[in-house]
Amino acid sequence: MSWRKWNRWIHRELGYLFFGMTIVYCVSGIALNHFVARHWDPGIISRSASYSLPAPLTKSEVNREVIEGILSLTGEKRNYKQYYFPNEDHLMIYLKGGHIYVTLSTGEMELIRIRTRPFFKEINYLHYNKPKKLWTWFSDLYAFSLILIAISGILLIRGRKGISGRGGILLGIGILIPLLFLLTYLWL
Amino acid sequence: MQRLLIWVAGMVLLSACNQTGQKEEGGTPGNMEEVVSATVEEILAQPAEYEGKQIAISGMVTHVCRHGGQKCFVLGEDGETQIRIVPGGDIDEFKIDMEGSTVAFLGTFKILNVQQSTALIEDHESQAHHDQEMAHSEAEKADYFIEAIDFKEVTP
């Protein structure tokens, strides 16, 4: 079998085999990008609702009755955990799955409910190598296979659209762009 | 009551760690490092006394870092002082639902050197979500912390 047939075989077979892994890593990679850029946390869904106390309070006026009143108002009695004062003007009431943040001087309250985002929690778990052990080896195998898929891909097409023609130009551009970012943001 | 809680939690955690050690090393009693039970205030009053020691500490978790759960903050008995806890050993991350729970931690108290401390503050200031001063900000920028190797929720 000629090397081109082997090349096509590698590209095709590994491409099919690791399609799922590519989706996992790419989607979680996009999520991580925006997570790092502080746009959002992909693993968490956060919902907030606003409430108001009947009247403003001071820290010294907060007691068990006040806490129970807040929990009744927000419907969170059965989720109560503990409370504390981050500072003189705020009260933090912790709940199972969230918290209530109270500004004492204005009586404004914000109820935050937090839960994990399905699908993203799972793919991030894999991308961040949380399972470790055998998963580390399997994901190394995937990474190595991606290199083979990439190399076999650039050698797939012959002629003016291949690496000696337009393909080569696109290859050069694809390498130049990250180098330019490095030059701009890291090296200079 | 708080001290009793800390001692009990510390002994539970230490016995769990010691059993693991015995399985891996063939069981040599007496290799156990002494665990010091302390409150947040005691540690921060004399940090040099506790540096490098295994500490058992317990308190309410006020905040878990949203970026990967790589740190959390425990409130002292005075309701104001907080200390930073980072995951070590086999702990990958702290879960957000630990917030508001009383948790017992077992770990090593560490103090950063000047270089590490400077790097920590630079990293802290470069992150957009730290623009607002929070109750745990002082602990987050402090050069002292506990690297936890085990923890247990005492009250959910």
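Averaged per residue, what accessible surface does the stretch A:7-131 expose to a 1.4 Å probe, in Å²?
Working: 7310 Å² over 125 residues.
Roughly 59 Å² per residue, with all protein chains present.
Just report the Cα centroid separation between the stretch B:64-94 and the stretch A:93-158, whole Å.
20
Distance check, please: which entries in A:Lys59/A:Lys121; A:Lys96/A:Lys130; B:Lys95/B:Lys141; B:Lys53/B:Lys152 exceed 30 angstrom between their Cα atoms? Mind showing how you got there, number by number?
Working: A:Lys59/A:Lys121 38 Å; A:Lys96/A:Lys130 25 Å; B:Lys95/B:Lys141 21 Å; B:Lys53/B:Lys152 19 Å.
With Cα atoms farther than 30 Å apart: A:Lys59/A:Lys121.
Counting only protein heavy atoms, probe 1.4 Å: which residues of the stretch A:77-96 lose 50 Å² or more of accessible surface in the full assembly compared with their chain by itself?
By number: A:Lys81, A:Gln82, A:Tyr84, A:Tyr94.
For every helix of n ≥ 4 consecutive DSSP H residues, a contribution of -39,500 (n - 2.57) applies; sum these over chain A, divide by its total residues, and give [θ] at 222 nm rounded to the nearest 500 deg cm²/dmol. Please report the intermediate quantities before stating the final value.
Numbers: 6 runs with 91 residues, N = 188.
After summing the helix terms and dividing by the residues of chain A, the value is -16000 deg cm²/dmol.
In the calculated pair distance distribution of the stretch A:105-148, what percentage of Cα-Cα distances lie above 14 Å? All intermediate terms of the calculation are to be shown ahead of the outcome.
Values: 623 of 946 pairs.
Percentage above 14 Å: 66.
What does the buried accessible surface come to for A and B, summed over both chains, with the probe at 1.4 Å? Round to 100 Å². All intermediate terms of the calculation are to be shown ahead of the outcome.
On the way: alone 13410 and 8770 Å², together 20660 Å².
Buried area between the two chains comes out at roughly 1500 Å².
What does the structure give for B:89-100 when I average, per residue, the other chain Cβ atoms found within 10 Å of the residue Cβ? Spell out each step's value before the answer.
On the way: counts 0, 1, 0, 5, 2, 0, 1, 9, 9, 1, 9, 13.
Counting Cβ atoms of other protein chains within 10 Å of each residue's Cβ and averaging gives 4.
Need one number for chain A: average projected area of the convex hull over its C-alpha atoms, nm².
In nm², the orientation-averaged hull projection of chain A is 17.8.
Per the 1.4 Å probe, what fraction of the accessible area of the stretch A:1-113, in percent, lies on carbon and sulfur atoms? Mind dumping the intermediate values first?
Numbers: 3820 of 6740 Å².
The C+S portion of the solvent-accessible surface of the stretch A:1-113 is 57 percent.
So what's the net charge close to A:Gly107: Lys and Arg +1, Asp and Glu -1, counting the other residues with Cβ under 14 Å from its Cβ? Write down the numbers at each step before the final one.
On the way: positive: A:Lys59; negative: A:Glu61, A:Asp89, A:Glu108, A:Glu110.
Net of charged neighbours comes to -3.
Can you give the charge dipole size of chain A about its Cα centre, rounded to the nearest 20 debye, using +1 on the beta carbon of Lys and Arg and -1 on the beta carbon of Asp and Glu?
Details: 23 positive and 12 negative charges, 305 e Å.
Roughly 1460 debye, rounded to the nearest 20.
Kindly express, to the nearest 10 degrees and within the range 0 to 90, the angle between helix A:166-182's C-alpha long axis and the longest C-alpha principal axis of chain A.
Taking the Cα atoms of chain A, the angle to A:166-182 is about 40 degrees.
Return the equivalent ellipsoid semi-axes of the stretch A:123-188 as a descending list in whole Å, where each equals the square root of 5 times an eigenvalue of the C-alpha gyration tensor.
On the way: eigenvalues 183, 90, 11 Å².
Semi-axes, largest first: 30, 21, 7 Å.
What does the charge count around A:Tyr84 come to, taking other residues whose C-beta lies under 13 Å from its C-beta (Lys +1, Arg +1, Asp -1, Glu -1)? Don't jump to the answer; show the numbers that get you there.
Numbers: positive: A:Lys59, A:Lys81; negative: A:Glu88, B:Glu77, B:Asp78, B:Glu80, B:Glu99.
Overall, the nearby charge balance is -3.
Taking only Cα atoms, what is the 0 to 90° angle, nearest 10, from helix A:64-74's long axis to the longest principal axis of chain A?
50
The values are calculated or read from the model by the stated rules, or taken from the named source; none is laboratory data. Quick caveat, the model's predicted, so the values are computed rather than measured. Neighbour counts run over all protein chains shown; Cβ positions are idealised from the backbone, glycine included. We work out accessible area using only protein heavy atoms, side chains counted, and drop any ligands, DNA or RNA first. Shrake-Rupley method; radii C 1.70, N 1.55, O 1.52, S 1.80 Å.
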